[in-house]
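The values are calculated or read from the model by the stated rules, or taken from the named source; none is laboratory data. Quick caveat, the model's predicted, so the values are computed rather than measured. All Cβ positions, glycine included, derive from the backbone under ideal geometry; neighbour counts span all protein chains shown.
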Amino acid sequence: MIKDNSRVVLRKSRRTLQNGTVYKMMIPRLKIGKRFASIPIIQGGMSVGISLSGLASAVANAGGVGVIGSAGIGMLEKDYLRNFKEANQRVLRREIRKTREQTKGIIGVNVLAALSDADDLIEAALEEEVDVIFIGAGLPLHPPKNLHKNVLRKYPTAIFPIVSSAKAARLIFKYWDMHYQHVPDGIVVEGPLAGGHLGFREEALENPENKLEVILPEVVAEIRIYEEKYQTEIPVVAAGGIFTGEDIAKFMQLGAKGVQMATRFVGTYECDADDHFKEAYLDCEQKDIVIIKSPVGLPGRAIKNPFLEDVSLGKRRPLKCTWQCLKTCNYRKAAYCINEALTNAKLGNLAEGFAFAGANAYRVKSILSVKELIKALLCEYTVAAMKVFPLP
């Protein structure tokens, strides 16, 4: 809920702005390639099927960046078992087009580099001319044919890798600069409090040196070198555990040009997940947010439930796999199919799946519209920013 004092501050700020005396309280825009989002909030791309056209279009219409999660996006197609790659591309294109029909705002696609069909999904997103592609779960050091320099110049799509360290950012930008005389249009820095698969070893998650507050300024320093070389703004976006407008202000003061938030958007009417999935967020407590070992080979953060408890006890789930959707998944040794488990969760069948969630998921206590959520975040941001830039 929006507190009364937040509403008062926002009204006061608006009157002052209309009088032309103060403008530094306005939240800055976020550069996405050649476009600008009026609100520097990127809705994290949540797979499997959690953020599709419904959520992405609502966020884009509110002035942020709406993102479709592409991993396993075709799981509910009738021919998925026979031709999962084609099914994924077909549904991704369909969701992009549905989103475009509902908004003129900025939309993007999240692609996991670890997917066996990552190249195909990137190509589909480029051909559909989405505004931005976010590439996580792997470093795009060797861009495939659909990401080389000439192709990138052909399409208006911006590329934002997702990293968890300054070292990773350095490797990507150095490689692209050396081999393509071109660098990514921006970068997302994801800290250890994020949901889903994490870019840290499990033992490193509690290391103070890996806090977002620490790694963000390090990445900003790395990227500044390439901003100067290419004479362009390369926005650094903070992600992982960002929950309030005060958090947004905090990380923007540390050098971020925007933030990526996923967990908060699960608690919206427009989120494309089943209501039972959302209820898992509403009902969980802090102790229910756990780190799991994913078949992908990475640690992940999820909400504890009977399915995960069975897995932790070594109760092997029935598993069949007619393809390898993730390059790093050893399905012969896996206790369950993560794609199937996440699809079940998206559909509300949490007895046969589980919900990925950020470290602050237990703080989601009500369902709002995307418009209401954005308004609350901006009010909180205004209050926090006034502490740094007080009104005269």
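Close Cβ contacts (under 6 Å, 6 or more residues apart or on different chains) running from residues in segment 357-377 that are farther than 13 Å from Y269 by Cα to residues that are among the hydrophobic types (A, V, I, L, M, F, W, C) and surrounded by fewer than 19 Cβ atoms within 10 Å (Cβ to Cβ) comprise A376/I2. When residues in segment 176-203 are screened for being in contact with a helix residue (DSSP H, G or I) (Cβ under 9 Å, 6 or more places away or on another chain), in a helix (DSSP H, G or I) and either acidic (D, E) or within 22 Å of S47 (Cβ to Cβ) (or both), 1 of them pass. Looking only at segment 164-197, filter to residues that are aliphatic (A, V, I, L, M) and crowded, with 24+ Cβ neighbours inside 10 Å; which one of those is farthest from D247 (Cα to Cα)? Residue satisfying both the conditions and the ranking: A169. For the structure I just gave you, tell me whether S116 is touching a Cys at 6+ places or on another chain (Cβ under 9 Å) and in contact (Cβ under 8 Å) with a residue 40 or more places away in the chain. Spelling it out, S116 is indeed touching a Cys at 6+ places or on another chain (Cβ under 9 Å) and in contact (Cβ under 8 Å) with a residue 40 or more places away in the chain.
Would you mind stating whether N110 is of a type outside the set (A, V, I, L, M), touching a residue at least 12 places away in the same chain (Cβ under 8 Å), touching a Gly at 6+ places or on another chain (Cβ under 6 Å) and more than 16 Å from T157 (Cβ to Cβ)? In short, no. Among the numbered conditions (1) within 18 Å of the chain's Cα centre (by Cα); (2) buried (at least 20 other Cβ atoms within 10 Å of the Cβ), the only one that I223 does not meet is (1).
Among the residues of segment 60-80, those identified as crowded, with 22+ Cβ neighbours inside 10 Å, over 12 Å from the mean Cα position of the chain (by Cα) and among the hydrophobic types (A, V, I, L, M, F, W, C) are A60, A62, A71, I73, M75.
Residue pairs whose Cβ atoms lie under 6 Å apart, separated by 6 or more positions or on different chains, with the first residue in segment 328-342 and modelled with pLDDT under 85 and the second in a helix (DSSP H, G or I), are A335/V311. The single condition among (1) at pLDDT 95 or above; (2) surrounded by fewer than 22 Cβ atoms within 10 Å (Cβ to Cβ) that L139 does not meet is (1). Flag: R100 matches the condition of being modelled with pLDDT of 90 or more and either crowded, with 24+ Cβ neighbours inside 10 Å or out of contact with any Lys or Arg (no Cβ under 8 Å at 6 or more places or on another chain) (or both).
Which count do you get for residues in segment 349-372 that are within 26 Å of G64 (Cβ to Cβ) and surrounded by fewer than 17 Cβ atoms within 10 Å (Cβ to Cβ)? The qualifying residues number 6.
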